[in-house]
Every structure is written in structure tokens, then in C-alpha cells.
Amino acid sequence: MALGVNQMIDAKIDLIIRGGQVVTPTSTKKADVAIAGEIIAAVTEPGLLSSATQEIDASGRYVLPGAIDSHVHFREPGYTHKENWASGTAAAACGGATSVFEMPNTNPPTGSVEALKLKQDLAGAQAYVDYGIYGLLDENNIDSLEDLIRNGVSGFKCFMGNTFGDLPAPSDGAMLEGFEILASHGYRCTVHAENASIMARRQDRLESAGRGDPLAHLAARPAICAIEAVGRAIAFAEWTGARLHIAHKSSKDALYLIKDAKTRGVDVTVETCPHYLLMTTDDMERLGGLLRVNPPIREPGHGEALWDALHDGTIDMIATDHAPHLPEEKKGKTIWQCDCGFPGVETQMPVMLTQVNAGRLSINQYVQWSAQAPAKAWGCYPQKGVIQSGSDADIVIANLNRGGVVDNAALHSKSKITPWHGFETTASVEYTLVRGRIVVEAGHLVGAPGWGRAVRQQMPAPRPRNTDKTMRAIIDSHGVLQQ
Ligand code: NCD
Ligand code: ZN
């Protein structure tokens, strides 16, 4: 059977990756991967394929689907001193991410078709890896959501709480109406789930009281902010049938809400990030404003609960919330003067594969959480997120026997300041391929800007609910309220 496949595909094979351990969520098998153009033509037992123009010896290495990062901020347009599409996607490629979904808190924010087109042009000209672009859902753009869909957004982002960019949270009325519209199209809405009003009041009180120390940031954003916002977002998603994604889950407290919602069949997916799994307030004391991020790094104990939630399926995936700022922007006098966030797209894979080596997850779970789950959530599976015949050749060759030390100076991001600086890894990314093209070779960026393109998506059929009670349904064709 394999030989038959070989004979059929041999003529057009451009590249063979030989002898690596090919990983899926359910298996790790020594195999050769044949690539024709942008596509995986076959995954066969070793030694069955005759030679190709280009070959990579992956013996002793793992061959993984490239990471799909559902949460990055590439800052362009508007804040290009922090990052742009070229530097952000170069960092992604070097970190083994072959697709990224980019957030709308740029300037202008991606809340109008005009702003979307501007970002699409910038991304198309510069990207080293494939990408999706989030549209913004806010108070004033509900009537533009369908135009944004028609023009190619990958999903939406709703900032329920304040964060970098200072985009005001929409009212509940606008958010619900937005969800009604997204539900009718099957689009997923990602939420930054922290309660805006509690945080604003607390920060104000803390600042007036003279608190400017790193832990004041945590005090301003207690887990109740997440409990309330996660609960509200789930209520709106369940009522409307809109697909929901909870960004950067940082605390154990709201997990029961998510677990219950999943049991009821609500289509809610959840991401967490390496810093929430592996860092605590102890690190905040060590690193100060550098570790200021929204939501905040929490006390010891939350990380363990997040690991458990990944293992039991309450949390679906790992994202990075790559949020680059310049070193000087992270070093304000008080915690309030340090910009929130830090880069992460380049360190995720080495840091998480180090956890594989440490026995905290299997390599198969890693592939599930970093590639398959996001591909499914954003409607691009099995074109992406898996190494199998017919899928895009988005592939990483990782060495789990050779690590290094994370170094600010070596980052490809413009933001050369990471809390992982000095962290010892036991694994590294050696090759990254995006749709068959080698973008990183022996750890060096060799791809070209402009190779990356918009991810093609096909979300499952919409499942709107309570459609007789939507804003649209209660307004008749003449635009008059019926009751
Ligand atoms: C992000 C940023 O800088 O854009 N910052 C952060 O602290 N996480 C915004 C966000 O995702 O909240
Ligand atoms: Zn956020």
C-alpha cells in the first residue's frame, strides 16, 4: 500500500523529511514525510521514498505540526516601534509557530473594513508565516461586523476589560447584539474576560492610596474580575449560540463555569499561556514591572489548576499573548507606568517542550494543545494542525536533546525583553516549514517576508439560538420595533 502511494507521488516530490519521530495527538512514529509544493503528499514508513531534490535528515528529532498561536499582538499599524508584521512573524517562525491569529488593538483598531484592509496589506507584504486577523467587536461597530466577515476576518475580539490600547469595553447591550450577529455566521468571538468596572475602581483607589508596587497590579485585578466576565460571556454565548473563546486563562477560579458550560454543549474554547502555567507572584517580586501583564500573574496554586484543566480538557490550547513593548516601556517608576505584556511567540515551543522533557505533558498532548485544538477552533483543520497526507506542510523539526538559555538579545521580536531571559531549555526548534517552504533552517531565519498568507477557514455550520429574540428579529422590515 505504502509503495503504491510512493510510486504515485514520487514524480512530484520536492522535499523529504527523513527518519524523524512524527507526532500526532495519538501517536509518535518514526516516518518519512514527503512534501509536494505546499502540501504533505505522504507520511510513510522510513526508507520507502526515493530521493527528492531537497532532503532533511530528521533522525533523532521530532517532527511536529507547527504551532498555531491564537493570540498575538503584532502592533502594526500604530505601534511599529514595538513590533511590525515582519518582526512579529519572524519571531513566530523561529519559535515554531506556522500560523498566528493577530489581535485588533492596533491603531487604528481593526474595527472597520478600512482598518482591516490596511492591516491585510501590511500582513500580506511582510508575513513569514500564515496568519488570521481578528476584527474588533466594540460599542460602535456592531453594524460593521458582517462587512468585516465578508472582507476576511478570522474571528472577533471583544475587550470586556481594559488593557493595552485603552479600547473601551462595549456595553452588555452591544456585546449581546454583536454575539447575535456572529452566531448567525458561526464566527468565534474571543473575549478578554476581566470586569472593566471593578478593575477601574480598584486601580483608582490603589493609585490614590499611593500603591505603585508590582503586586498592586494583581490587587487591582482579582480573580473575581475573571469569574464575573467569563460567566457573562458564557451566558451571552449560550443564549445566542455564538462560538466563544476565552483568552489567556490565568486563574483557577472561573474554571468551574467553563467546565459546566462545556457539559451543557456550549461551544467555548479556552487558551492559557506558558507564563500562567509556570510563573507566580514570586517571579513578580523578582521581575517587577517586566511581568506586568493582563490578566496578572497570580499566587502559587493557580498554575497547578491550569495544568489540571489542560489535562482534563477544560482548557483546550496553549497560546502566547505575544505582547511586545520596548524595554524602557516596561520599566516605569511605578507599576502603573509599565506597559502590560511581553513577547512570547518565540519562546513558547522551547519552554513547553522543556516541560515535555520534564514529564508534565506528553509530546502528543503538546501537539494537541499547540496545533490541533487551535486548528479545530478556527476552522482550519485538517488543512492545518496535523501532519498527514493532504494537509499544508506546516512542520517543525524539534530537537528534544538540545536546549539552550533564553536570551533577550537573541529574540527576533523588536521587544528584546522577556521574563524567560535566563531560563534553561532542554529543547529547541531546528526547522520550521510553512506550506512546504523552509522558513527556519538549523535555527536561522531563511524565509522571505510576504510568504505568509491568510489562513483559509471553514467554520462548522452556525448554530444560532433564540433567533426570535434578537435585535433583528424584534425590528420589522420597516425598522420599527414590533412591541
Ligand atoms: C496585551 C497587549 O499588550 O496588547 N497586553 C497584555 O497585558 N496581555 C493586551 C491583552 O491581550 O490584554
Ligand atoms: Zn487580552
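Can you tell me how many residues within the stretch 177-219 are among the small types (Gly, Ala, Ser) and within 15 Å of ligand 2 (Cβ to nearest atom)? Reasoning before the result, please.
Going through the stretch 177-219, the residues among the small types (Gly, Ala, Ser) turn out to be 178, 183-184, 186, 193, 196-197, 200, 208-210, 212, 216, 219.
Filter once more, keeping what is within 15 Å of ligand 2 (Cβ to nearest atom): 193, 196.
Selection size over the stretch 177-219: 2.
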ask   = What is the residue count in the stretch 233-247 for residues that are in a helix (DSSP H, G or I) and either more than 16 Å from ligand 1 (Cβ to nearest atom) or at pLDDT below 95 (or both)?
value = 7
task = Output the residues belonging to the stretch 76-99 that are crowded, with 24+ Cβ neighbours inside 10 Å and either over 11 Å from Ser413 (Cβ atoms) or over 15 Å from the mean Cα position of the chain (by Cα) (or both).
result = Lys82, Glu83, Trp85, Ser87, Ala90, Ala93, Cys94, Gly96, Ala97, Thr98, Ser99
inquiry  = Can you find a residue that is open to solvent by less than 40 Å² (accessible area, probe 1.4 Å) and more than 29 Å from Phe342 (Cβ to Cβ) anywhere in the stretch 400-423?
reply    = no
ask   = Take the residues of the stretch 181-199 that are assigned to a loop (DSSP other than H, G, I, E, B) and touching a residue at least 60 places away in the same chain (Cβ under 8 Å): which is surrounded by the fewest Cβ atoms within 10 Å (Cβ to Cβ)?
value = Gly186
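Please return the ranges of helices (runs of 4 or more DSSP H) entirely within the stretch 248-308 where 2 or more residues are touching a Gly at 6+ places or on another chain (Cβ under 9 Å).
Details: elements: 255-263, 274-278, 281-287.
By residue number, 255-263, 274-278.
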query = Taking only pairs six or more apart or across chains, which ones have beta-carbon atoms under 8 Å, a first residue in the stretch 152-176 that is more than 14 Å from ligand 2 (Cβ to nearest atom) and in a loop (DSSP other than H, G, I, E, B), and a second residue that is modelled with pLDDT under 95 and open to solvent by 10 Å² or more (accessible area, probe 1.4 Å)?
reply = none
message = Given (1) part of a helix (DSSP H, G or I); (2) open to solvent by 20 Å² or more (accessible area, probe 1.4 Å), identify the lone condition not met by Val230.
response = (2)
ask   = Exactly one of (1) in contact (Cβ under 8 Å) with a residue 40 or more places away in the chain; (2) surrounded by fewer than 24 Cβ atoms within 10 Å (Cβ to Cβ); (3) farther than 22 Å from Phe342 by Cα is unmet by Leu433. Its number?
value = (2)
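The values are calculated or read from the model by the stated rules, or taken from the named source; none is laboratory data. Given the structure is predicted, the values throughout are model-derived calculations rather than measurements. Every residue, glycine among them, receives a Cβ derived from its backbone with ideal geometry; neighbour counts consider all protein chains shown. All accessible areas refer to the heavy atoms of the entire protein, side chains included, with ligands and DNA or RNA removed. Shrake-Rupley method; radii C 1.70, N 1.55, O 1.52, S 1.80 Å.
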